[in-house]
Every structure is written in C-alpha cells, then in structure tokens.
Amino acid sequence: MLPLGTPIPDFSLPDVVGGAVLSSSALLGKPSVVFFICNHCPFVKHIRAGIADFGRFCQERGIEMVAVSSNDADAYPADAPPAMKEEARQAGYVFPYLYDESQAVARAFDAACTPDLYVFDAAGKLAYRGQFDGARPGNDVAVTGADARAAVEALLAGRVPSADQLPSIGCNIKWRQS
C-alpha cells in the first residue's frame with residue numbers, strides 16, 4: 001500500500017463523461033478522493049450505488065472526487081471509455097470518470113484492485129488508503145462507505161484519519177500483457 005503522507009502522484013487523464021482532461025493539480029487545496037474502479041468487477045458492482053452516494057456526499061462538502069479505470073480495455077471491452085461513459089450515466093456518478101489507458105497512474109498509486117480508494121488532505125498528502133467499507137459480494141454487511149466517509153469527515157474536522165486502515169479487497173487491475 002502507498003505509504004501515508006505520500007504526495008498525490010502527478011497525472012493528467014481524460015474524463016470520459018465530460019471530455020476534458022483533468023490533472024492531479026486540480027485536486028489540491030482541499031481534501032480529495034481518487035477511487036480506482038471499473039465497470040465489470042463484481043466488487044465494484046456490489047457497491048455501485050454506494051459509490052454514487054459517496055460522490056454526492058463529497059460534492060456536497062466541496063471535496064473533489066474522481067474515479068479512475070485502469071483496466072486493459074482491449075482485453076476487457078466492458079471497461080472501455082464508451083462503456084465507462086454509459087456506466088457513469090446509469091449509476092448517477094456526479095464526479096469525473098477518468099481513463100488511464102497507459103496504466104501509469106495506477107502504477108504510480110500502487111493501485112492493485114478495484115475498488116481501491118485514496119483520500120488526500122488539502123496539502124495533497126495521502127491520509128487514507130483502503131477499503132470503502134466492509135461490504136463484499138456474498139456477505140451481509142450493508143454498503144455504507146463508512147471507512148471512506150470517516151476519513152473525509154476527519155479531514156474536514158481538522159483531524160487525521162485513523163491509522164487503522166484495512167486494505168481494499170476486489171478484482172485485480174487487468175494489466176496489459178507486454
């Protein structure tokens with residue numbers, strides 16, 4: 001896992017919804033969230049409504065949130081930009097959904113799976129990385145985004161999120177074969 005305190009990695013990626021290129025510098029100055037997701041992962045599908053709700057939660061509090069898909073879209077066409085745009089519309093995502101075609105951004109974040117969540121403080125330093133909440137396909141834990149919300153709420157209150165952070169569990173990022 002990326003060490004706490006790590007500066008947000010530099011990136012510029014296209015937003016498949018709005019068409020603009022968004023850079024990591026746009027996330028500085030207030031807490032921000034970078035959420036690695038994809039369309040076909042059953043773990044992401046399980047928390048899909050929770051991701052949309054968390055996006056609204058962040059938006060209402062002035063927190064910048066972006067989602068990034070880094071999967072190999074040639075091997076997994078359900079994760080290609082046109083499908084990402086449709087997924088964002090259907091799911092009700094209110095945040096940019098960025099496409100990391102080169103997979104360099106996922107590597108810079110040490111992202112390993114979908115979903116994989118990173119919360120940065122206003123200075124752009126990593127304050128939380130880990131699970132969205134304890135919900136998984138097949139368990140009876142409600143999708144609440146409790147872990148992610150607690151990290152954001154701590155930062156908004158001027159506190160450091162708890163260092164007791166559980167790693168994300170999900171599908172491995174689908175890396176391009178060399």
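Only the coordinates and a few stated rules stand behind these numbers; no lab work does. The structure displayed is predicted, hence computed values, not measured ones. Because the Cβ atoms are built from the backbone with ideal geometry, glycine has one as well, and the counts that use them run over all protein chains shown.
Between S23 and A123, the simple spin-label model (points 7 angstrom out along Cα→Cβ) gives 2.2 nm. Its Kirkwood hydrodynamic radius, worked out from the mean inverse distance over all distinct Cα pairs, puts segment 125-169 at 11.1 Å.
Note on Q90/K30: beta-carbon distance plugged into 1/(1 + (r/R0)^6) with R0 of 25 Å gives a FRET efficiency of 0.30. Phi angles across segment 170-178 convert, under the Karplus curve 6.51 cos²θ - 1.76 cosθ + 1.60 with θ = phi - 60°, into 3J(HN,Hα) values of x, 7, 4, 4, 8, 6, 5, 8, 6 Hz, Gly and Pro given as x.
Between V68 and F35, F36, I37, L98, the built amide H atoms are under 5 Å apart, and every one of these is 5 or more places off in sequence or on another chain.
3J(HN,Hα) along segment 64-75, derived from phi through the Karplus expression 6.51 cos²θ - 1.76 cosθ + 1.60 where θ = phi - 60°, amounts to 6, 10, 10, 10, 10, 10, 10, 5, 5, 6, 5, 7 Hz, with x in place of Gly and Pro. Going from the residue with the fewest nearby Cβ atoms within 10 Å to the one with the most, S12, S24 rank S12, S24. Under 5 Å between amide hydrogens, built in the peptide plane, is the criterion, and for Y128 it picks out V119 among residues at least 5 positions away or on other chains. Three semi-axes describe the equivalent ellipsoid of segment 1-73; taken as square roots of 5 times the Cα gyration tensor eigenvalues and ordered largest first, they are 20, 16, 14 Å.
Lys-Lys pairs in the chain that are eight or more residues apart or on separate chains and whose Cα atoms lie under 22 Å of each other come to 4. At q = 0.10, 0.18, 0.21 Å⁻¹, work out log10 I(q)/I(0) for segment 12-172 with the Debye formula, treating every Cα as an identical point scatterer and leaving solvent out; two decimals please. So the normalised log intensities are -0.31, -1.11, -1.56.
Measuring nothing but how far apart in sequence close Cα pairs (under 8 Å, 6+ apart) lie, relative to its length, segment 12-172 scores a relative contact order of 29 percent.
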